[in-house]
1. Scan B:Ala170, B:Ala241 and give me the residue that is touching a residue at least 24 places away in the same chain (Cβ under 8 Å), among the small types (Gly, Ala, Ser), part of a strand (DSSP E or B) and under 30 Å from B:Gln71 (Cα atoms).
2. If I go through the stretch B:1-25 residue by residue, how many of them are surrounded by fewer than 14 Cβ atoms within 10 Å (Cβ to Cβ) and charged (D, E, K, R)?
3. Does the stretch B:218-230 hold any residues that are surrounded by fewer than 19 Cβ atoms within 10 Å (Cβ to Cβ) and either within 17 Å of the chain's Cα centre (by Cα) or closer than 19 Å to B:Ile142 by Cβ (or both), and which are they?
4. Considering the stretch B:289-327 alone, what residues qualify as being among the β-branched types (Val, Ile, Thr) and within 25 Å of B:Gly223 (Cβ to Cβ)?
5. Of the conditions (1) more than 10 Å from chain B (Cβ to nearest Cβ); (2) buried (at least 18 other Cβ atoms within 10 Å of the Cβ); (3) over 22 Å from B:Gly55 (Cα atoms), A:Gln20 clears all except one; give me its number.
6. Please specify each residue of the stretch A:100-113 satisfying the condition of being surrounded by 24 or more Cβ atoms within 10 Å (Cβ to Cβ) and more than 7 Å from chain B (Cβ to nearest Cβ).
7. Hey, could you check the stretch B:55-64 for residues that are at the interface with chain A (Cβ under 10 Å from one of its Cβ atoms) and touching a residue at least 40 places away in the same chain (Cβ under 8 Å) and say which is surrounded by the most Cβ atoms within 10 Å (Cβ to Cβ)?
8. Going by the conditions given, is B:Phe117 touching a residue at least 60 places away in the same chain (Cβ under 8 Å) and either in a helix (DSSP H, G or I) or over 23 Å from A:Ile98 (Cα atoms) (or both)?
Amino acid sequence: MVRVGEPSIELKGRPLVEGQARGPLLKLTRPISFWGGVDPVSGLIVDPRHPEFELCITGTVLLIPGAVGSSSSSAILLELLREGTAPAAILMGKADAILALGSIVGLELGYAPIPILEVTRTDIVRFPDRADVCIEAQGRITVT
Amino acid sequence: MPLHLTQTERELLAGSSGEATAMCMRVVIAAAELLGVESLVEISSSHIDGCLYHGDGGVEFAEALVKGGGQVAVPTTLNVGALDLLHPDVVQADAHKTDMARRQMEAYVALGAQPTFTCAPYQVGHEPKVGEQVAWGESNAIAFVNSVLGARTERYGDFLDACCALTARAPFYGLHVEENRKATVVVDATRVPVTLKSRDVFYPVLGTWLGLELGSEISVIRGLPSTTTRDQLKALGAAGASSGAVALFHVEGVTPEAPTVESILKSDSDRPVANLTDENSFAGADLVRTIELEPHGIQAALERLSTAGDTERIDAVALGSPHFSDLEFRALHRCLRGRRLGVPFYVCTARDTLSEMDAAGISKDLRESGVEIVADTCVVVTPILEAKGGVLMTNSGKFAHYGPSNTGYDVLYGSLEDCVESSITGSVVRNHEVWTW
């Protein structure tokens, strides 16, 4: 029997910022502060104490259990959008206005915003790392 | 329930106060909607964290507001920028960055905000009263204004803080709402030795533990001395807001909303029962519990604040995150007693505090000892330290947290006294006895 494709999982997130995106999943095992944690020019995780230190978030569907730390993280997301080094989308275990604001202000300034979705803690464990993730309108998520 | 706007809010959105305020209203509304909030709340003060240069996008935002005729609608202070405008040579940035950083700071002043350029506005006269609704940015300032002053703010990030200041509105949710300010966990510090609890060096460690252990959960700490100082509470909150997302903590008998543990603890009747059976909710966090502080937990938090291992040498010292207060300056002055320092030694503070220290003759003495006083900014947000790297010693939990990623230096945590004694010769002096428990 020929396998046509990998089995996919359909999930639903709550859109904090609406949009469509597709990319490989990068699943962070600890919350992260974008300020001090991510370099906006390279898109690399630069906090040496973070378990995913030195991985690049650019173009990924970034799954983070939660945001921590500085209220400057929205500014770092705005710079990531401006530099073209942003993730394709962000999935968050807990809604966080600070990060979403970066995308909302990006829209006001005419940069391409990225979708940001809240997903439940139960769903987070269902995402296999490096899976291909597709995000569509109304928070529809397909994981392959 | 969709977001309800008042007549005035609809007019602001339609441009009654100009395009900049209308744009700010759109951002406030977008934030309120994504948070599922039903109304906005009027605020009476703001602290804007947006004048620190992270890239040209932040400058474009601030200048768009100026171009749109924006003015803050409430008393507003400004957080640190990326430059020391009083001592321009301190920061070693390239011409483009220096120019953009200056434009960003000037844009916010043009919007009518006060040029305080400090992460500790509460030390330069910006002190909202208990129960007052405000919109503050900068994580340590948020923790302080909520916890120590008892005013009410959520964690505002860059942009939303400015949008709140221009519209005098914030989404009415989270810590703006009285019921949400109750503690769900009691942290019992009764068994921590009194000698340790009386030392300043304990508080950044306690804050680090709090952030790691509780994230953003609200705690009430029992068993701290009634004499706990504002500087100690400032250090606690700043560390907790760095290692976790602490935006509010209570201290029994010390902070204004917690005369007793019972008065601020969430009771069973406050708890939304429906959530307990909903597997998709975070109901577990609503169960009131008690955590007793243990020596191993405090030790682990202490160790986390140093990345330099068993180093015997330090290359620099940085103090003043949050910005040094007048009392901290006086303590440093006493500790130093006019001795000459052997390694670069930076103290970061607000320009207003610096002018007080100038008037008192303290900054002159400190400079003669070799202290470099940095105003308007700080060493972890902009290039001030020599780029060669090495070991940076600090008494600040926040510097210890952000130092390695933002400066490339390893960090060594110690008390003010440890930092001063180590900096005389460059050889590490640390009082370990204080941690005996």
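1. B:Ala170
2. Start the filter on the stretch B:1-25 by keeping residues that are surrounded by fewer than 14 Cβ atoms within 10 Å (Cβ to Cβ), which leaves B:1-2, B:4, B:6-7, B:10, B:14, B:16.
Subsequent filtering for residues that are charged (D, E, K, R) retains B:10.
So the answer is 1.
3. Answer for the stretch B:218-230, where residues must be surrounded by fewer than 19 Cβ atoms within 10 Å (Cβ to Cβ) and either within 17 Å of the chain's Cα centre (by Cα) or closer than 19 Å to B:Ile142 by Cβ (or both): B:Thr229, B:Arg230.
4. Within the stretch B:289-327, the subset among the β-branched types (Val, Ile, Thr) is B:290-291, B:298, B:307, B:311, B:314, B:317.
Residues satisfying the conditions are B:Thr290, B:Ile291, B:Ile298.
5. Only one criterion is unmet by A:Gln20, namely (2).
6. Taking the stretch A:100-113 first, the residues surrounded by 24 or more Cβ atoms within 10 Å (Cβ to Cβ) are A:100-106.
Within the stretch A:100-113, A:Gly102, A:Ser103, A:Gly106 meet the criteria.
7. Going through the stretch B:55-64, the residues at the interface with chain A (Cβ under 10 Å from one of its Cβ atoms) turn out to be B:55-58, B:60-61, B:64.
Then drop every residue that is not touching a residue at least 40 places away in the same chain (Cβ under 8 Å), which leaves B:56, B:58, B:61, B:64.
Values: B:Asp56: 17, B:Gly58: 29, B:Phe61: 24, B:Ala64: 17.
The selected residue is B:Gly58.
8. Judged against the criteria, B:Phe117 is not a match.
The values are calculated or read from the model by the stated rules, or taken from the named source; none is laboratory data. Remember, it's a predicted structure, so these values are computed and weren't measured experimentally. Every residue, glycine among them, receives a Cβ derived from its backbone with ideal geometry; neighbour counts consider all protein chains shown.
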